[in-house]
1. Only one of (1) closer than 15 Å to residue 303 by Cβ; (2) free of Cβ contacts under 8 Å to residues at least 24 places away in the same chain; (3) hydroxyl-bearing (Ser, Thr, Tyr) is not met by residue 282, so which one is it?
2. Since residue 126 meets every condition but one in (1) open to solvent by less than 10 Å² (accessible area, probe 1.4 Å); (2) of a type outside the set (Phe, Trp, Tyr); (3) closer than 21 Å to residue 35 by Cβ; (4) touching a Phe, Trp or Tyr at 6+ places or on another chain (Cβ under 6 Å), which condition does it not meet?
3. Being surrounded by fewer than 14 Cβ atoms within 10 Å (Cβ to Cβ) and either among the aliphatic types (A, V, I, L, M) or assigned to a loop (DSSP other than H, G, I, E, B) (or both) is the filter here, so list the residues in region 370-387 that pass it.
4. With open to solvent by 20 Å² or more (accessible area, probe 1.4 Å), part of a helix (DSSP H, G or I) and either modelled with pLDDT under 95 or farther than 28 Å from residue 84 by Cβ (or both) as the only criterion, which of 359, 390, 349 stands out?
5. If you scan region 160-193, which residues turn out to be out of contact with any Pro (no Cβ under 8 Å at 6 or more places or on another chain) and either part of a helix (DSSP H, G or I) or open to solvent by 10 Å² or more (accessible area, probe 1.4 Å) (or both)?
6. Select from region 49-65 the residues that are open to solvent by less than 50 Å² (accessible area, probe 1.4 Å) and either modelled with pLDDT of 90 or more or β-branched (Val, Ile, Thr) (or both) and list them in ascending order.
7. Just the residues that are among the aliphatic types (A, V, I, L, M), assigned to a helix (DSSP H, G or I) and open to solvent by less than 80 Å² (accessible area, probe 1.4 Å), please, taken from region 283-305.
Amino acid sequence: MNVDDMILISIDDHVVEPHDMFARHVPQKYMDEAPRVIFDEKGIEQWYYQGKVTGTSGLNAVVTWPPEEWAYDPAGYAEMRPGVYDVNERVRDMNRNGVLASMCFPTFTGFSARHLNQYQDPVTLIMVSAYNDWHIDEWAGAHPDRFIPLALLPTWNVEGMVKEIHRVAKKGARAVTMPELPHLEKLPSYHDIDYWGPVFQALVENDMVMCLHIGSGFGVLRLAKDAPIDNLMVLATQISVIAAQDLLFEPAMRAFPTLKFAFSEGGVGWIPFFLDRADRHYLNQKWLNNDFGDRLPSEVFRDRVLACYVTDKTAIKNRHDVGMNNIAWECDYPHSDCFWPDAPEKVLAEFTAAGATDAEIDQITWQNSAKFFNWDPFTLKTKDEARVGALRAQATDVDTTVRPRAEWKKMYEAKKKAEADLAIAAAKG
């Protein structure tokens, strides 16, 4: 396949939410209680909710920074590439990277809204819904042919979750993001079907996918106190295995035979070993009385799961052992793992080294995602207009220069000054 002929859907990217995102979606009487961006005592922009710092934007926004400046410390909006938080600039960056469509996970709320949901009160129900309205109506809605809408849930309130699932489904959301291991958030585990059953049923009724993004389950890794951050970042993908086990051997997958699960940013290389282990355990340990009917655990898993990867050379070589229907590609823009602006070249190189056919490439780079999330990528574009070459032709002026954080800040401040000067001139006539 020629790189210009590829079609790329990234099923895991991220948005750093603009600071005014709640302004148009929170009822006026609750506006003073909405999350907001405030400069702290050190002059750093931070999201605050109910008087406390909520989330951070360190490694979440490093695209086009020099790697030696990547850090875990918060970043201000002025230091970020505009495509991180501005939807129109994001689409330009997607065009430059040849990416047709994207599913964007949240930042300041936590990947499953944990930073909001720690406050279990009626105001938080309003804020979760307001976030979803912003994401669906403004972020995804600004370019409906480029984004697959994703929603948050108030995970501590079953009635609220069910109501929100039905509401956002009518607005066009194709998936919800939920905790990998809810017991770490002092919620019932996914083994508790009495708690989660109504939520699972609502997802089934609306043909929505349950996404489990790595990160919310970090607490399950009881690492040494003096372990470097490398340990957490390398081992984070293994949390997907633990979450998969919880869902596969307990009621979620068996009691709801059409419920779909997406393991986001967890890679795919773990799948063959996990399924071999699960099948061997099921067949060998009959005394545990697990009942998958006339099927194996691996068969149930393969019918219900999509997992994504940024780069996974060995797994792509073993793609048929992973499961051709179970693999999807992701870019992970604007995180430190992402490939930008050369994702097509990097992705195609792995497929070429693995001897993949054009049909296999298409299946992994866009067809599996479009089918799994029931999202038609060609409603406003023809297939030819959706290809890497056609998208890049619209983005020849996109600057790909790697710049220090300080330089991005200078450019941001200069732009704001120019806009202010124009406004003053216009006011004077």
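The values are calculated or read from the model by the stated rules, or taken from the named source; none is laboratory data. All of these numbers come straight from a predicted model, not from anything done at the bench. In this analysis, Cβ positions are derived from the backbone assuming ideal geometry, glycine residues included, and neighbour counts consider all displayed protein chains. Surface areas here come from the heavy atoms of the whole protein model, side chains and all, with no ligands, DNA or RNA. Shrake-Rupley method; radii C 1.70, N 1.55, O 1.52, S 1.80 Å.
1. The single condition residue 282 does not satisfy is (1).
2. Of the numbered conditions (1) open to solvent by less than 10 Å² (accessible area, probe 1.4 Å); (2) of a type outside the set (Phe, Trp, Tyr); (3) closer than 21 Å to residue 35 by Cβ; (4) touching a Phe, Trp or Tyr at 6+ places or on another chain (Cβ under 6 Å), the odd one out for residue 126 is (1).
3. Residues satisfying the conditions are 374, 376, 379, 380, 382, 383.
4. 359
5. Selection gives 163, 165, 166, 167, 169, 170, 183, 184, 186, 192.
6. Passing the criteria: 49, 54, 62, 63, 64, 65.
7. Passing the criteria: 288, 300.
Conditions (1) under 20 Å from the mean Cα position of the chain (by Cα); (2) closer than 16 Å to residue 101 by Cβ; (3) small (Gly, Ala, Ser), marked per residue:
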| residue | (1), (2), (3) |
| --- | --- |
| 357 | no, no, no |
| 372 | yes, yes, no |
| 386 | no, yes, yes |
| 403 | no, no, no |
| 406 | no, no, yes |
| 417 | no, no, no |
| 422 | no, no, no |
| 426 | no, no, yes |
